[in-house]
Amino acid sequence: MKKITVANYKQDAYYAPIVRAVENLLREKGFVAPVELFIRMDLLSPEAAEDWRRGRISYLERVIRCNLSKASRILSILRMHAHDSDLKPSLTVYKRWTKGSRPLLRFSKTGDHNVEEAYARHFVSLRKKGCPFEEAAIEVGNSAAIPPAQGSSVRREAKAQGHESRGKLLLPMKVAEKKGAVLPHR
């Protein structure tokens, strides 16, 4: 295999699958994480990724279903494609998903700083297109206001049926009035 460069990375055999996975991730999440990319490319099982996040596996490369040169090649192509697609790189801290002590997770056996950074670097879409909040986003200066949470439609339906929300608890409106809750106008 030739060395990956800016001039030839689009001709690489892994380029097309990477682009497909990146487009799907941007459409669904608004960002691309290398761990998610490996899952989408069927090079990492979601179960193995979860075991790594919970600290059951010492380093991620141990469970990736390809050799280290292929993984490195994929990360390089991802970085170049993200640059050409105007995605903003963002270093992310990965900590163990456990109670108590939450040490940093390792991606590689050696712990090499450059390799660890390559896996931890997410790429964020700066455009609203492909953003999961695209349809309901409201332009405010240079940013978009996030629409209400998905559960708000459930609260609206409950309110229409004569219930009022107080935190997670839905109370009938008459009970809410007795408890002194300030009810909004209908």
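Each reported figure results from applying straightforward, stated rules to the coordinates on display, with no laboratory input. In this text the structure is predicted, and so the values were computed from the model without any measurement. Heads up, the Cβs are rebuilt from the backbone with ideal geometry, glycines too, and the neighbour counts pull from every protein chain shown.
Once backbone amide H atoms are built at 1.01 Å from N, ILE57 has TRP52 as its partners under 5 Å, excluding neighbours fewer than 5 places away on the same chain. Residues VAL32, VAL93 in ascending order of nearby Cβ atoms (within 10 Å, fewest first): VAL93, VAL32.
Using the empirical formula 2.2 N^0.38 Å as the baseline, the Cα radius of gyration of the range 9-125 reaches a ratio of 1.02.
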